[in-house]
Amino acid sequence: MISGEPGIGKTHCAEALADVAEDQGALVLWGRCHEEAGAPPYWPWVQILRAYVDASSLDEVRLNMGTAAKDIAALVPELLDSSHHAQQAPSAIADSSPARFRTF
Ligand SMILES: Nc1ncnc2c1ncn2[C@@H]1O[C@H](COP(=O)(O)OP(=O)(O)O)[C@@H](O)[C@H]1O
Ligand SMILES: [Mg+2]
């Protein structure tokens with residue numbers, strides 16, 4: 001976690017770290033928070049998951065999502081196209097505590 005006042009260099013630091021990680025073969029995925037109200041639920045994670053699905057092979061996605069694919073597909077419906085684990089319709093992003101706990 002990088003924290004600090006605006007303009008102190010958090011983004012710059014994260015980008016420099018990401019460059020090093022990518023040079024060493026890591027997959028770096030970005031999610032950015034929206035400053036105004038009205039962003040979709042879990043918005044930074046939606047961006048990260050979409051980028052992950054785009055960047056990964058079907059086998060890799062399947063392996064890593066496992067039985068959680070159905071819950072994750074509630075956030076990222078395109079997962080349905082690339083995972084046989086998620087053939088049922090995605091569950092709505094329920095407000096219930098158990099559903100939120102599962103998503104986390
Ligand atoms: N180590 C650094 N050396 C020189 N300039 C920097 C450095 N870190 C940040 N900056 C510059 O300072 C400004 C604010 O940095 P930024 O990473 O956007 O801050 P934050 O994300 O914390 O608000 C940017 O213009 C950035 O290029
Ligand atoms: Mg920043």
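Rule-based calculations on the coordinates, nothing more; no lab input. Small disclaimer: the values here were computed from a predicted structure and weren't measured. All Cβ positions, glycine included, derive from the backbone under ideal geometry; neighbour counts span all protein chains shown.
As a proxy for reagent exposure, Thr11, Thr103, Thr67 were ordered by neighbouring Cβ count within 10 angstrom, fewest first; the result is Thr67, Thr11, Thr103.
This ranking places Met65, Met1 by how few other beta-carbon atoms lie within 10 Å of each, fewest first, which gives Met1, Met65.
The angle between the Cα long axis of helix 43-55 and the longest principal axis of the Cα atoms of the chain comes to about 80 degrees, rounded to the nearest 10. The C-alpha atoms of the chain define a longest principal axis, and helix 10-23 lies at about 70 degrees to it. Taken about its Cα centre, the chain carries a charge dipole of about 440 debye when Lys and Arg each add +1 at the Cβ and Asp and Glu each add -1 at the Cβ.
If you sort the three axes of the alpha carbon gyration tensor as a ≥ b ≥ c, you get a/c of 1.5 or more for the chain and a/b no higher than b/c, which makes it oblate.
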